[in-house]
Amino acid sequence: MLLFSPANNLFSLFNQTLMRRIFFCAIIFLTALQTSAQDLSYYLPDDVTYNPAIPKPKDIIYHEVGEWHVTHDRLVNYMKAIAAAAPDRVKLETMGFTYEDRPQLLLIITSPKNQLRLEEIRQQHLLLSDPSKSASVNIEHMPIVVWIGHSIHGNEPSGANAALLSAYYLAAAQGQQIDDLLDNVVILFDPSFNPDGLQRFSTWANQHKSKNLVTDPNSREFNEVWPGGRFNHYWFDLNRDWLPAVHVESQHRLEWFHKWKPNILTDHHEQGSNATFFFQPGVPARVNPLTPEKNRELTAKLAKFHAKALDKIGSLYFTKESYDDFYYGKGSTYPDINGAIGILFEQASSRGHAQETTNGILRFPATIKNQFVTALSTLEGAKNLRKEFLDWQRTFYITSMQQAATAPVQAYVFGDANDRNKTAQFVTMMLRHQIAVYQPKNDITVNGKTFKAADAFVVPMQQPQYKLLRTIFEKTLNYKDSIFYDITAWTMPLAFGMPYSELTSAQFNTNLLGDKITIANKLSGIVSGGKSNYGYLMEWSDLLAPAALYELQKNYIITKTATEKFEIPVGNSNSNFNAGTILIAVNNQPLDANKLFDLVSDIAKKYGLTIYALQTGNAVSGIDMGSRKMLALTKPSIAMITGAGVNATDAGEVWHLLDQRMNIPATHLEPAIFNRADLNRYNTLIMVGGTYTELNKEKLKAWVNNGGTLILLEEAVQWASQNGINAVTLKKIKSPVDSAKRVAYGEEEEIDGAQQMAGAIFGADADLTHPLAYGYNDRTVSFFKANRVFMEKSKNPFATPFYYKDNPLQSGWISKENSDAIKNAAAVIVNTSGSGRIINIDNNPNFRAFWLGGTKLMMNAIFFSKIIDAASGRTE
Ligand SMILES: [Zn+2]
C-alpha cells in the first residue's frame, strides 16, 4: 500500500485526507491541471465544526465534490445517507418519479425541535396564504420556508453538485449559527430539478475527462451531442413548464410547492462560460406587471446577502442587466405570483471539468463553490428577513383578494362540449395551481353564447389565486420593453382552443356556482346504443380521437372518414355528425361483430370517448354510410428527422404528442440513417425547424413523389422552400433600419431584439370543410408563432386551408415589420407532389405540449393528408 502509482485506480485506494493532500500538492507541482479535485476544505466555511457521524460526500459517492460530475444515482445515494445519519434534522421525501423512473427527492431540513412539530408548522404556515384566516396568524416565532432548487437544466451541473455540499453542511455543521438558522428556517431541499437531464449530462462530461485536464473549448468534453443534457426525457425545457405543468417532474414538484407554499424559491442555473455570476434582481422593465413592486424590493434586500458572500470569496458577479421575470412558467418567476420570491442564479459554466475562458481557466469546483455560497447566503438572508417575507406572503394574498373584489371581470366560464378530454386537461392544469374550479349550477348564456352546465366550468376571480388566474386567462397587448427572454403571451384558453367568456360583476354572482371540483374526473367512455351489426361512428373533435383511431388501425380495423356532414339515427334520435367523423363498418373486418364490439368498447373506455352504434347506413340528410365521400384511411407509419441541427424542443414536442398522448410510435431518424435507409416502410415524415444540410434532398423528393406525406413545421418550411422541395413562396420582411440614416451602435441590441419573434398568439381563419381543419368547430384557430417564416398564400385557391387576416395578433408582442409580414400570410399550405403531399405549417401547433388547440391540425396532417385531393373531388 505504500507503493505509489499515478494510476487512478490505485490512487483511489488512498482515502486518508492527509495522504490525499500530500498527493495533490505533488501533482499540482508537476502538472498544474492534472485534476480538478478539491477536498471539502476548499468549499466549506472554516469557522465551523462538523458532526463526524455525518458521512462526507466522498464516503458515499466515491469521489470528491467537483472531481467528477456527480451522477443522479450517486446524488440520490448521498441524500439518502444524509437523511439516515441525521434523522433529527433531515426528513427525506420522494415527490415522484421522472419518465426514466428516477426519484425526485425533497429533503426537509430544519432543527430537531421543528422536525417534531413539522405538520403543525406547515399548517400554520399555509394560513398566511388564506386571506380569510391570515390576519390572526402570529409570525413572531414562525419559521420561514425556503425551497432550494438545483440544475433544472441538466447540463448546468454546478447547482446539483453544490447540493452535495449544502446537504452536508446543513446536516453536519455544529454551533450557534446553524442552530439559529435551523430554528428559524424550514428548508425544502431539492437536489436536482431534472434528474434525467443531470444523469445524461454527467455521463457525457465524465466519459470525456482526461487525467491531464484538457481546457480547450473545442474539445468534445465541452460540446455535447444532440439533444444534450439540458432537457428532460422528452427534450423539453422544464424551466418553461412550471405554469403549463405538462410533465411529471413539474406535476410532482408543484404538488409539494403548494403543500408548503415557500416564501423563497431558488433556481440555480449556469450561463455562458465567459460570463461571471448573476443573481436577481433582473432588468426592471422586464418584470411581469402582475408582480407587485414589493417583490423587487425584497429581491434587492436578499441580493445584499449574496453580494456580501461572493465578495468574501472574491467572485465577480452582476445584477439588473439581463434575464427577466416575465413568463410565469419559469422557476424563478412562478413564485412571484404565489406570494413568494423566486431567485435566479446563473453561474458561468465550466461545462466539463476545466475550460479556458476570457476570465482565465474556469474550474468546475469554482463554479460549485459560488452556488454553494449563494445557497447559504439565501438561507442567511431568509433568517434575517424572516418576518418581512412571511408578512409579504400574507399581504400578497390579502391584496389579491381586495383587487379581485373590484376587478371588472368577476369570473370566467369555459368548456368545450365537443372535446371533453381537452376540457379535462384544462381543469387539471388549474387544479395543479390550487385554483378553485366549479361546475355551474345551470346553463350559462353570456353574450349569446351558451355553456351547458354538463360540459362547462366556472372560475370565480374572488379567490386567493386571483393573480395566477389573470395570467392564465388574460390577453396581453401592452409592453414596457421589446426584448424578451422568453415568450410574450400564453393566454391559456387560446392555447387550448377553449371556448370561454368573461363574466362581469353584472353577469356573475355566487349563486351560479355548483359543486367545487377537487379532481378532474376520469371521463367514462361508452358505446352509445351498445353492440351494432352495422357499424359505429366516432366524432373527430375530441383531443384523443386520433389515439382511438390509431388503436383501431393497429388492430387492422378498416376505418373511413366522412368528408361531408350528415344526419343519421343513432339510439332513439337523429344526430348530426361533422366531416372528419370516423366510420367503422362491421362487415369485412378481421374481427367478428362481437369481438369488434369488445374492441370498440375498450377503446371508448380507454380514451373517455362516446362512440355511437349505427342501426342503418341511410342518412336522414347528407351522405350515406356507403357514400363515395366516405374515404378509407391508411395507418400512418411515421418517421421524424432528429439529430444535430434539428430544434430539439420542437422535435421533443412531436415525440411527446405521439408517444404520451396518442400512443403512436415514431421512428427517430438521424439524417445519416435517412440517407441510407429504405424509406418505403414510412408513409409519413415529420420535419421540425432545423438545418438539414446533410439530408439527401433528391431521396426526400423521390419519397414524396412516390406517395409520402411530408409534414414541415416552422423553419423546415423555409428550408424546403430554399431547396426546391415544396412550392411555397416566402414573404420578404422589411428592415427596421433605414440604411440612408445613421443609427447609433449602442442601439443595436434594442433594434435586433425587437425583430425577434419571441412568441405570440395569432388567430388564423380556417376553412372548416378542408380535411386539415376537421375537428375544429370555430373558424378562428389560435396559433403560436415564434419564427420569422411568413408564407404567401398558394395560387391554388383550395390549397391554403388556414391563413391570417388583416389583424391576426390576439395576444403578445410583435414588431411593426413582422406585423406587416404576417398580414394575409398563409398559416398552412398543402402542396401536391407526384402522388405525395407536403403540408407546410408556419407555426408550432405542438408548442410546449400545452398548445392543445394545434393538436388537431397536427393529427389531421398525419391521418388525413392522403385524402386531401380526393376530398375536394379533383383527382378522384
Ligand atoms: Zn438554465
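The values are calculated or read from the model by the stated rules, or taken from the named source; none is laboratory data. What you see is a predicted model, and the numbers here were worked out from it, not measured in a lab. Cβ placement follows ideal geometry from the backbone for every residue including glycine, while neighbour counts extend to all protein chains displayed. Each accessible area value is taken on the protein alone, full model and side chains, heavy atoms only, with ligands, DNA and RNA left out. Shrake-Rupley method; radii C 1.70, N 1.55, O 1.52, S 1.80 Å.
What the table below lists for this structure:
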{"read-out": "In the stretch 317-343, residue nearest to the ligand (Cβ to nearest atom) [restricted to those that are of a type in the set (Phe, Trp, Tyr) and open to solvent by 10 Å² or more (accessible area, probe 1.4 Å)]", "value": "Tyr323"}
{"read-out": "Hits in the stretch 436-453 - residues which are buried (at least 18 other Cβ atoms within 10 Å of the Cβ) and either free of Cβ contacts under 8 Å to residues at least 40 places away in the same chain or more than 30 Å from Phe577 (Cβ to Cβ) (or both)", "value": "Ala436, Val437, Tyr438"}
{"read-out": "Ile152 modelled with pLDDT of 95 or more, among the β-branched types (Val, Ile, Thr), surrounded by 24 or more Cβ atoms within 10 Å (Cβ to Cβ) and within 15 Å of the ligand (Cβ to nearest atom)", "value": "yes"}
{"read-out": "Enumeration of residues in the stretch 404-423 that are of a type outside the set (Gly, Ala, Ser), assigned to a helix (DSSP H, G or I) and open to solvent by 50 Å² or more (accessible area, probe 1.4 Å)", "value": "Arg420"}
{"read-out": "Pairs with Cβ under 7 Å, 6+ apart, first in the stretch 454-480 and in a loop (DSSP other than H, G, I, E, B), second open to solvent by 50 Å² or more (accessible area, probe 1.4 Å) and not small (Gly, Ala, Ser)", "value": "Gln462/Met401; Pro464/Met401; Gln465/Gln434; Tyr479/Trp813"}
{"read-out": "Checklist (1) open to solvent by less than 40 Å² (accessible area, probe 1.4 Å); (2) in contact (Cβ under 8 Å) with a residue 24 or more places away in the chain applied to Thr358, failing item", "value": "(1)"}
{"read-out": "Identity of the residue in the stretch 220-234, open to solvent by less than 20 Å² (accessible area, probe 1.4 Å) and in a loop (DSSP other than H, G, I, E, B), that ends up farthest from the ligand (Cβ to nearest atom)", "value": "Tyr234"}
{"read-out": "Candidate set from the stretch 344-403 (those that are out of contact with any Gly (no Cβ under 9 Å at 6 or more places or on another chain), among the hydroxyl-bearing types (Ser, Thr, Tyr) and part of a helix (DSSP H, G or I)); member that is farthest from the ligand (Cβ to nearest atom)", "value": "Thr399"}
{"read-out": "The listed residue being open to solvent by less than 10 Å² (accessible area, probe 1.4 Å) and at pLDDT 95 or above, out of Thr610, Thr561", "value": "Thr561"}
{"read-out": "Scope the stretch 522-540; condition modelled with pLDDT of 95 or more and of a type in the set (A, V, I, L, M, F, W, C); matching residues", "value": "Ile526, Val527, Leu537, Met538, Trp540"}
{"read-out": "Selection status of Glu293, farther than 24 Å from Asn370 by Cβ and among the charged types (D, E, K, R)", "value": "yes"}
{"read-out": "Single match in Ala727, Ala740 (criterion: under 30 Å from Asp869 (Cα atoms) and modelled with pLDDT under 95)", "value": "Ala727"}
{"read-out": "Count of residues meeting criterion [within 16 Å of the ligand (Cβ to nearest atom) and more than 13 Å from Gln347 (Cβ to Cβ)] in the stretch 259-315", "value": "3"}
{"read-out": "Qualifying residue in the stretch 585-595 (condition: crowded, with 19+ Cβ neighbours inside 10 Å, touching a residue at least 60 places away in the same chain (Cβ under 8 Å) and closer than 24 Å to Ala861 by Cα)", "value": "no"}
{"read-out": "Lone unmet requirement of (1) away from the ligand (no atom under 15 Å from the Cβ); (2) surrounded by fewer than 20 Cβ atoms within 10 Å (Cβ to Cβ); (3) of a type in the set (Asp, Glu) for Asp196", "value": "(2)"}
{"read-out": "Flag for Pro217 being surrounded by fewer than 23 Cβ atoms within 10 Å (Cβ to Cβ) and either among the aromatic types (Phe, Trp, Tyr) or within 27 Å of the chain's Cα centre (by Cα) (or both)", "value": "no"}
{"read-out": "Filter pass, Phe426 being surrounded by 16 or more Cβ atoms within 10 Å (Cβ to Cβ), touching a helix residue (DSSP H, G or I) at 6+ places or on another chain (Cβ under 8 Å) and not in a loop (DSSP other than H, G, I, E, B)", "value": "yes"}
{"read-out": "Residue in the stretch 782-793 that is closer than 30 Å to Ile582 by Cβ and assigned to a loop (DSSP other than H, G, I, E, B) present", "value": "no"}
{"read-out": "The lone exception for Ile814 - which of (1) more than 24 Å from the chain's Cα centre (by Cα); (2) over 22 Å from Leu544 (Cα atoms); (3) assigned to a loop (DSSP other than H, G, I, E, B) it fails", "value": "(1)"}
{"read-out": "Selection within the stretch 435-453 - in a loop (DSSP other than H, G, I, E, B) and at pLDDT 95 or above", "value": "Ile435, Ala436, Lys441, Asn442, Asp443, Lys452"}
{"read-out": "Residues that are among the hydrophobic types (A, V, I, L, M, F, W, C) and surrounded by 14 or more Cβ atoms within 10 Å (Cβ to Cβ), drawn from the stretch 738-763", "value": "Ile751, Ala754, Met757, Ala758, Ala760, Ile761, Phe762"}
{"read-out": "Selection within the stretch 819-849 - of a type in the set (S, T, N, Q) and surrounded by 23 or more Cβ atoms within 10 Å (Cβ to Cβ)", "value": "Asn840, Asn843, Asn844, Asn846"}
{"read-out": "Hits in the stretch 238-260 - residues which are open to solvent by less than 20 Å² (accessible area, probe 1.4 Å) and in a loop (DSSP other than H, G, I, E, B)", "value": "Asp241, Trp242, Leu243, Pro244, Ala245, His247"}
{"read-out": "Elements of type strands (runs of 3 or more DSSP E) contained in the stretch 523-579, each with 1 or more residues being among the β-branched types (Val, Ile, Thr)", "value": "526-528, 560-562, 566-570"}
{"read-out": "Some residue of the stretch 126-142 being more than 16 Å from the ligand (Cβ to nearest atom) and touching a strand residue (DSSP E or B) at 6+ places or on another chain (Cβ under 6 Å)", "value": "no"}
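Every residue, every condition in (1) surrounded by fewer than 20 Cβ atoms within 10 Å (Cβ to Cβ); (2) farther than 24 Å from Thr504 by Cα; (3) polar (S, T, N, Q); (4) modelled with pLDDT of 95 or more, yes or no:
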| site | (1), (2), (3), (4) |
| --- | --- |
| Lys387 | yes, yes, no, yes |
| His433 | no, no, no, yes |
| Lys467 | no, no, no, yes |
| Ser482 | yes, yes, yes, no |
